[in-house]
Amino acid sequence: MKDSEIYPTELYLSPEKDDLFQKEPWPKPFVFNEDVVNVFDNMISRSVPLYREVLACAAHWARAYYQTETKIIDIGCSTGTFLELIGRFLQQPATLVGIDNSQPMLEKAREKLLPIQQIHQVELICASAENCSFENSSVVIINYTLQFLPLQVRQKLLKSIYQGLVPGGLLFLSEKVKSPLPLFQETITRHYEAFKAYNGYAQTEIERKKEALENVLVPLTETEQLQMLKDSGFQQVDSLIKLHNFLSLVALK
Ligand SMILES: Nc1ncnc2c1ncn2[C@@H]1O[C@H](C[S@+](CC[C@H]([NH3+])C(=O)[O-])CC(=O)[O-])[C@@H](O)[C@H]1O
Ligand SMILES: O=C(O)C(=O)Cc1ccccc1
């Protein structure tokens with residue numbers, strides 16, 4: 001598949017509509033349970049700005065830095081949307097690894113990745129990422145997952161990723177972040193919530209989800225995130241995409 005064939009990207013997203021926060025009971029505190037998993041593709045594609053572009057970007061970078069006989073690992077792979085995309089985009093068979101600690105997520109991923117298994121070696125691991133090995137990986141993707149881990153676990157995980165990557169290996173990291181300036185954070189939040197409303201969420205749904213995510217999704221500032229990457233061993237880091245509170249970075253070993 002040529003580069004031009006992936007823009008604008010076509011993601012394999014299940015159609016079930018996210019209406020979880022329209023009526024009781026909604027997941028509070030937010031958890032990746034079966035109800036969330038069943039509507040997850042719709043939820044994330046309506047809730048994360050530039051989601052399609054970020055995954056297409058990750059696919060381009062993964063193809064550019066993939067080294068033969070190594071692994072591409074997606075941490076927090078959810079329903080396998082990125083692995084399905086890169087599986088179509090790579091021009092050679094590879095080992096694609098998905099890690100997620102939600103078994104319902106991996107059941108959806110297994111189904112989504114069946115066609116890809118004709119070409120690639122696919123491994124789905126149900127585990128907490130911080131307990132996994134990243135040895136012999138040339139590309140590690142971690143999109144919108146680190147934000148759910150306790151802070152001290154994030155640092156341990158990033159160090160483990162750095163140690164596991166082969167020389168020249170790439171980390172592609174997307175996260176929700178917060179502005180260090182309260183006035184700007186307020187403006188960004190208002191704009192982000194307008195984005196959600198434009199995507200069909202009612203104000204009640206937006207407020208309920210915000211409350212459910214409190215102390216579950218804990219964003220850092222961009223500066224704190226960059227420092228955590230440096231403290232993990234990554235010295236070559238750059239930012240690629242940022243809109244509202246959502247940031248994508250690349251880091252090279
Ligand atoms: N400690 C953990 N270990 C492993 N998985 C975890 C852990 N904590 C949470 N998860 C998993 O991390 C994923 C976060 S979603 C990632 C989206 C995907 N990357 C995408 O690009 O579509 C983003 C969001 O929900 O905003 C969920 O599948 C959790 O089960
Ligand atoms: O940060 C938010 O308000 C979100 O809605 C992001 C999100 C997307 C999908 C699952 C959990 C959080």
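The values are calculated or read from the model by the stated rules, or taken from the named source; none is laboratory data. Since the model is a prediction, treat every value here as computed from it, not as a measurement. No Cβ is skipped: glycine too gets one built from the backbone with ideal geometry, and neighbour counts run over all protein chains shown.
State whether one or more residues within the stretch 114-129 are within 22 Å of residue 45 (Cβ to Cβ) and within 16 Å of ligand 2 (Cβ to nearest atom). No, that holds for no residue. Name every residue in the stretch 113-148 that is part of a helix (DSSP H, G or I) and under 19 Å from residue 66 (Cα atoms), in order of residue number. Hits for the stretch 113-148 are 116, 117.
Looking for something closer than 22 Å to residue 175 by Cβ, at pLDDT below 95 and within 12 Å of ligand 1 (Cβ to nearest atom) - is there at least one such residue anywhere in the stretch 10-33?
yes
Residues that are in contact with a Gly (Cβ under 6 Å, 6 or more places away or on another chain) and surrounded by fewer than 22 Cβ atoms within 10 Å (Cβ to Cβ) were ranked within the stretch 113-132; the one that is farthest from residue 216 (Cα to Cα) is 120.
Per-residue answers, yes or no, for (1) modelled with pLDDT of 95 or more; (2) within 16 Å of ligand 2 (Cβ to nearest atom); (3) basic (Lys, Arg); (4) assigned to a helix (DSSP H, G or I):
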position: 201; (1), (2), (3), (4): yes, yes, no, no
position: 204; (1), (2), (3), (4): yes, yes, no, yes
position: 208; (1), (2), (3), (4): yes, yes, yes, yes
position: 215; (1), (2), (3), (4): yes, yes, no, no
position: 226; (1), (2), (3), (4): yes, no, no, yes
position: 230; (1), (2), (3), (4): yes, no, yes, yes
position: 238; (1), (2), (3), (4): yes, no, no, no
position: 242; (1), (2), (3), (4): yes, yes, yes, no
position: 250; (1), (2), (3), (4): yes, no, no, no
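When 196, 176 are checked against the criterion of being of a type in the set (D, E, K, R) and more than 29 Å from residue 152 (Cβ to Cβ), 196 stands alone in meeting it. Only a single criterion out of (1) among the aromatic types (Phe, Trp, Tyr); (2) surrounded by 15 or more Cβ atoms within 10 Å (Cβ to Cβ); (3) under 30 Å from residue 20 (Cβ atoms) is not satisfied by residue 198, namely (2).
Take the conditions under 15 Å from residue 245 (Cα atoms), exposed (fewer than 13 other Cβ atoms within 10 Å of the Cβ) and touching a residue at least 12 places away in the same chain (Cβ under 8 Å) and apply them to residue 189. Does it pass? Here the answer is no, as residue 189 does not meet what is asked.
Of everything in the stretch 149-184 that's touching a residue at least 60 places away in the same chain (Cβ under 8 Å), not hydrophobic (A, V, I, L, M, F, W, C) and not in a strand (DSSP E or B), which residue is surrounded by the most Cβ atoms within 10 Å (Cβ to Cβ)? Looking at residues that are touching a residue at least 60 places away in the same chain (Cβ under 8 Å), not hydrophobic (A, V, I, L, M, F, W, C) and not in a strand (DSSP E or B), I get 154. Taken together, the residues in the stretch 58-112 that are assigned to a loop (DSSP other than H, G, I, E, B), buried (at least 19 other Cβ atoms within 10 Å of the Cβ) and touching a His at 6+ places or on another chain (Cβ under 8 Å) amount to 2. Residues that are surrounded by fewer than 15 Cβ atoms within 10 Å (Cβ to Cβ) and either out of contact with any strand residue (DSSP E or B) (no Cβ under 7 Å at 6 or more places or on another chain) or of a type in the set (Ser, Thr, Tyr) (or both): does the stretch 134-143 have at least one? So far as the stretch 134-143 goes, yes, one or more of its residues are surrounded by fewer than 15 Cβ atoms within 10 Å (Cβ to Cβ) and either out of contact with any strand residue (DSSP E or B) (no Cβ under 7 Å at 6 or more places or on another chain) or of a type in the set (Ser, Thr, Tyr) (or both). Scoring residue 90 on the criteria (1) at pLDDT 95 or above; (2) touching a Phe, Trp or Tyr at 6+ places or on another chain (Cβ under 8 Å) leaves a single failure, condition (1).
Within the stretch 76-113, can you find the residues that are aromatic (Phe, Trp, Tyr) and closer than 19 Å to residue 45 by Cα? So that I can check it myself, show each step before the final result.
Taking the stretch 76-113 and keeping what is aromatic (Phe, Trp, Tyr), we get 82, 89.
Residue satisfying the conditions is 82 alone.
The set of residues from the stretch 221-251 being more than 18 Å from residue 58 (Cβ to Cβ), in contact (Cβ under 8 Å) with a residue 60 or more places away in the chain and not small (Gly, Ala, Ser) comprises 228, 231, 244, 245.
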